[in-house]
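> The structure under discussion is supplied below as structure tokens; questions concerning it will follow.
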Amino acid sequence: MNKYRKFSIGEFSEKTGLPIPTLHYYDEIGLLQPEKNPSSGHRTYYFQDIITLQKIISLKFLGYRLDKIAILLNESRFNVDLNESLSLHLNALVSEKEKVEQSIQAIKRVIKLLKEEGEVDSTILFSLIYNMKVEHKHEEWMERHRLTDISEELSIKSEEDKIMLDKKFIQFSKEMKQLYDKPIDDFKVQEMVKNYLDSIFSFLGDDLIQKLANTNLEELDIQELENMTTSPFTEDEQKWFNQALEFYMKQGEME
């Protein structure tokens, strides 16, 4: 290719596949500045600009921001020192990948829930979504408190199991709001509590329940874990349910 060949901005855009507005922006921020006609202002690009653009695209592909790319473009050579920068970007990309994968799984769960439920109260749905978002924080909490084996078992639960638990939580939330303010010893209230616990035990499984039973929860900062989650219930509703749960547990001890 003739390295002295000139391209108008339209020709350059067509040749490189980069939209004209993007070329204008790169020019404005000083990233890729073509030659300009003093009188008409028309931009003229050369073959060297194609090479520069290839460098920009390559660095963007590696995840660099435009301001950092502008600095790296001035480097004529790279050595092992670049590895530190690349390592930082690698870590950032891995972290971003994990977030994207979590978002994808959450979206799939929400789509399936709405498809099967038809309609879900917005407060309950957003509570579920938020708790999906912080699942990795729950795992980190368990690892910090040396509950790695429990964390690992929870992490391998299938999406179907998680969706089933979500559906049961939705049903429980509906029932709780309907039964709220009834006496805690009311049959329907106690049946709701039983179904709530059964759904959790069913999700966890016998082995995991046994491991939790062998864990000294009093030594753990449970409040920190609770602060990571959100609830669709008001403070009064939660207090009422806690009382109903406590009554249910006492009745079980008496039997």
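> Would you mention how many residues in region 41-56 are without any contact (Cβ under 8 Å) to a residue 24 or more places away in the chain and either at positive phi or loosely packed, with under 13 Cβ neighbours inside 10 Å (or both)?
The first filter runs over region 41-56 and keeps only residues without any contact (Cβ under 8 Å) to a residue 24 or more places away in the chain, leaving 41, 51-52, 54-55.
When the remaining residues are screened for being either at positive phi or loosely packed, with under 13 Cβ neighbours inside 10 Å (or both), the result is 41, 51, 54.
Selection size over region 41-56: 3.
> Which residues, counting only those in region 10-34, are closer than 24 Å to Asn74 by Cβ and either of a type in the set (A, V, I, L, M) or open to solvent by 100 Å² or more (accessible area, probe 1.4 Å) (or both)?
So the first thing to find is which residues in region 10-34 are closer than 24 Å to Asn74 by Cβ, and the list is 12, 16, 18, 22-34.
Those that are closer than 24 Å to Asn74 by Cβ and either of a type in the set (A, V, I, L, M) or open to solvent by 100 Å² or more (accessible area, probe 1.4 Å) (or both): Leu18, Leu23, Tyr25, Glu28, Ile29, Leu31, Leu32, Gln33.
> Across region 178-194, which residue is nearest to Ile124 (Cα to Cα) among those that are part of a helix (DSSP H, G or I) and open to solvent by 80 Å² or more (accessible area, probe 1.4 Å)?
Of all residues in region 178-194, those part of a helix (DSSP H, G or I) come to 178-179, 187-194.
Adding the requirement that they be open to solvent by 80 Å² or more (accessible area, probe 1.4 Å) leaves 178, 187-188, 191, 194.
Numbers: Gln178: 14, Phe187: 25, Lys188: 21, Glu191: 21, Lys194: 20 Å.
Across region 178-194, the extreme among qualifying residues is Gln178.
> So which of Lys167, Lys115 is of a type outside the set (A, V, I, L, M), over 28 Å from Gln238 (Cα atoms), over 16 Å from the mean Cα position of the chain (by Cα) and not in a loop (DSSP other than H, G, I, E, B)?
On the way: Lys167 fails: over 28 Å from Gln238 (Cα atoms).
It is Lys115.
> Just to be sure before I move on: is Asn79 modelled with pLDDT under 85 and not in a loop (DSSP other than H, G, I, E, B) in the structure I sent?
On the way: modelled with pLDDT under 85: yes; not in a loop (DSSP other than H, G, I, E, B): no.
Considered against the rule, which asks whether it is modelled with pLDDT under 85 and not in a loop (DSSP other than H, G, I, E, B), Asn79 comes out as no.
> Give the number of residues within region 115-125 that are free of Cβ contacts under 8 Å to residues at least 12 places away in the same chain and closer than 20 Å to Met176 by Cα. Working first, answer last.
Our first condition is that a residue be free of Cβ contacts under 8 Å to residues at least 12 places away in the same chain; within region 115-125, this holds for 115, 118-119, 122.
After this cut, where a residue has to be closer than 20 Å to Met176 by Cα as well, the list is 118-119, 122.
The total comes to 3.
> Something else now. Would you mind stating whether Asp207 is open to solvent by 70 Å² or more (accessible area, probe 1.4 Å) and in a loop (DSSP other than H, G, I, E, B)? Spell out how you get there, then give the answer.
On the way: open to solvent by 70 Å² or more (accessible area, probe 1.4 Å): yes; in a loop (DSSP other than H, G, I, E, B): no.
Spelling it out, it is not the case that Asp207 is open to solvent by 70 Å² or more (accessible area, probe 1.4 Å) and in a loop (DSSP other than H, G, I, E, B).
> Collect the residues in region 151-177 that are open to solvent by less than 30 Å² (accessible area, probe 1.4 Å), among the aliphatic types (A, V, I, L, M) and under 23 Å from Ser103 (Cα atoms), keeping them in residue-number order. Spell out how you get there, then give the answer.
Just the residues of region 151-177 that are open to solvent by less than 30 Å² (accessible area, probe 1.4 Å), to begin with: 151, 163, 166, 170, 172-173, 176.
Imposing the further condition that a residue be among the aliphatic types (A, V, I, L, M) reduces the set to 163, 170, 176.
Hits for region 151-177 are Ile163, Ile170.
> Any idea which of Ser103, Ser95, Ser87 is surrounded by fewer than 12 Cβ atoms within 10 Å (Cβ to Cβ), under 16 Å from the mean Cα position of the chain (by Cα) and not aromatic (Phe, Trp, Tyr)?
On the way: Ser103 fails: surrounded by fewer than 12 Cβ atoms within 10 Å (Cβ to Cβ); Ser87 fails: under 16 Å from the mean Cα position of the chain (by Cα).
Of Ser103, Ser95, Ser87, the one residue that is surrounded by fewer than 12 Cβ atoms within 10 Å (Cβ to Cβ), under 16 Å from the mean Cα position of the chain (by Cα) and not aromatic (Phe, Trp, Tyr) is Ser95.
> Shifting gears a bit: Would a scan of region 148-163 turn up a residue that is among the small types (Gly, Ala, Ser), in contact (Cβ under 8 Å) with a residue 40 or more places away in the chain and part of a helix (DSSP H, G or I)? Please lay out each step first, then the result.
So in region 148-163, the residues among the small types (Gly, Ala, Ser) come out as 151, 155, 158.
Checking the rest, the ones that are also in contact (Cβ under 8 Å) with a residue 40 or more places away in the chain come to none.
No, there is no match, as no residue in region 148-163 is among the small types (Gly, Ala, Ser), in contact (Cβ under 8 Å) with a residue 40 or more places away in the chain and part of a helix (DSSP H, G or I).
> Can you find, within region 58-67, the residue that is surrounded by the fewest Cβ atoms within 10 Å (Cβ to Cβ) among those that are outside any loop (DSSP other than H, G, I, E, B) and touching a residue at least 12 places away in the same chain (Cβ under 8 Å)? Let's see the steps before the verdict.
Let us first name the residues in region 58-67 that are outside any loop (DSSP other than H, G, I, E, B), namely 58-61, 66-67.
If we keep only those that are touching a residue at least 12 places away in the same chain (Cβ under 8 Å) as well, we get 59, 66.
Details: Leu59: 18, Leu66: 14.
Looking at the filtered set, the residue picked out is Leu66.
> Return only the number of the condition from (1) over 30 Å from Ala92 (Cα atoms); (2) touching a Phe, Trp or Tyr at 6+ places or on another chain (Cβ under 9 Å); (3) part of a helix (DSSP H, G or I) that Ile50 does not satisfy.
(1)
> Moving to a separate point now. What's the number of the condition Ser103 fails, among (1) farther than 25 Å from Phe201 by Cβ; (2) touching a residue at least 40 places away in the same chain (Cβ under 8 Å); (3) of a type in the set (Ser, Thr, Tyr)?
So the condition that Ser103 fails would be (2).
> Then there's this: Limited to region 1-47, what total is found for residues that are in contact with a helix residue (DSSP H, G or I) (Cβ under 6 Å, 6 or more places away or on another chain) and in a strand (DSSP E or B)?
Matching residues across region 1-47 total 2.
The values are calculated or read from the model by the stated rules, or taken from the named source; none is laboratory data. Treat the numbers as computed from the prediction; the structure is a model and nothing was measured. Don't worry about glycine lacking a Cβ; one is built from the backbone with ideal geometry, like all the others, and counts go over all protein chains shown. Protein only, heavy atoms only, side chains kept; ligands, DNA and RNA dropped before computing areas. Shrake-Rupley method; radii C 1.70, N 1.55, O 1.52, S 1.80 Å.
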